[in-house]
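See structure below.
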Amino acid sequence: MLAIIGGSGLTTLSILDNIRQEVVRTPYGEPSGALTFGDIGKVPVVFLARHGYGHTIPPHRVNYRANLWALHRHGAAGIVSVASVGGIRSDLQPGDLVIPDQIIDYTWGRPSTFFEGHDSPVTHIDFTEPYDGALRQEIAAAAASVQVPIKLGGVYAATQGPRLESAAEVNRLEKDGADLVGMTGMPEAALARELGVPYASINVVANYAAGRADSRHGIHLASVEPILQEALGRVRLIIERLVGCRENCKPNGHAT
């Protein structure tokens, strides 16, 4: 079963049928909300709104461990994260969709591992490739099959939030090699890796990062929402195709 984690602007997944919700308790506290189970076509999917269904949980307060544990415990065999980001790289414009392949973590103070406590051995995961390559390719193929342009590859900078970055901070991120900036990519990706669940992300460029293009002297927040909602419509098309193809496609990528 595929799990979808919805970020800003995606607090529900309108393409789900036969919806039921389940409140889950975890050893790490409460997830961001009840898990929403449903079908896309006839394929079961589970959805979770990262910031809560009322979008009330800021990035640094998300209980990432509870979210990932709950999805894993309830059968998630892969996780697709949807997240809004600022575009740093010059070719990334508001409304673009990106499948990142690398992460730089600038967050701090967030519980970031399942392996801690007196009874847990020190555990090091390989994080050379933080996103699952096969799942990334599946997303790209699904986008191509519904003729939705999506950029494959990019370095995601995870910042603490909830405030947006200064122009100088974005300059630093660019010098560090970042192409995109968001607030929720870590420790989410690392926790999925600890659980052994394939994880990939669809980033929605909601605005130019601070100091770039029309955000040179400030980010116009009022203009972000319509851009985000239009782009999320395309994300839903990709997810619908991705879910159907995971169930019904042959290894060569053609539907049966």
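Take the conditions under 23 Å from I238 (Cβ atoms), of a type outside the set (D, E) and either out of contact with any helix residue (DSSP H, G or I) (no Cβ under 8 Å at 6 or more places or on another chain) or surrounded by fewer than 17 Cβ atoms within 10 Å (Cβ to Cβ) (or both) and apply them to V85. Does it pass?
yes
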Note on region 153-166: residues surrounded by fewer than 14 Cβ atoms within 10 Å (Cβ to Cβ) and touching a residue at least 24 places away in the same chain (Cβ under 8 Å) are G153, P162, S166
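Quick one: count up the residues across region 210-229 that are within 18 Å of S8 (Cα to Cα) and either surrounded by fewer than 19 Cβ atoms within 10 Å (Cβ to Cβ) or touching a Pro at 6+ places or on another chain (Cβ under 8 Å) (or both). Step through it out loud before you land on a result.
Restricting attention to region 210-229, the residues satisfying the condition of being within 18 Å of S8 (Cα to Cα) are 219-229.
Next cut, either surrounded by fewer than 19 Cβ atoms within 10 Å (Cβ to Cβ) or touching a Pro at 6+ places or on another chain (Cβ under 8 Å) (or both) only: 220-227, 229.
Number satisfying all stated conditions: 9.
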State whether one or more residues within region 168-179 are assigned to a helix (DSSP H, G or I), within 11 Å of the chain's Cα centre (by Cα) and either of a type in the set (D, E) or surrounded by fewer than 24 Cβ atoms within 10 Å (Cβ to Cβ) (or both).
-> no
When region 196-209 is checked residue by residue, the ones that are surrounded by 19 or more Cβ atoms within 10 Å (Cβ to Cβ) and more than 11 Å from G87 (Cβ to Cβ) are P198, Y199, A200, S201, I202
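State whether one or more residues within region 71-78 are in contact with a helix residue (DSSP H, G or I) (Cβ under 8 Å, 6 or more places away or on another chain) and of a type in the set (A, V, I, L, M).
Looking only at region 71-78, we keep the residues that are in contact with a helix residue (DSSP H, G or I) (Cβ under 8 Å, 6 or more places away or on another chain), and these are 72, 78.
Of the ones still in play, those that are also of a type in the set (A, V, I, L, M) are none.
Taking every residue of region 71-78 in turn, none turns out to be in contact with a helix residue (DSSP H, G or I) (Cβ under 8 Å, 6 or more places away or on another chain) and of a type in the set (A, V, I, L, M).
Regarding T107, is this residue β-branched (V, I, T), surrounded by fewer than 22 Cβ atoms within 10 Å (Cβ to Cβ) and in contact with a His (Cβ under 8 Å, 6 or more places away or on another chain)?
Criteria met by T107.
Values quoted throughout were computed directly from the atomic coordinates according to the rules given, and no laboratory measurement underlies them. Just so we're clear, the structure is a prediction, and the values are computed from it rather than from any experiment. Cβ coordinates were reconstructed from backbone atoms using ideal geometry, including for glycine residues, and neighbour counts include every protein chain displayed.
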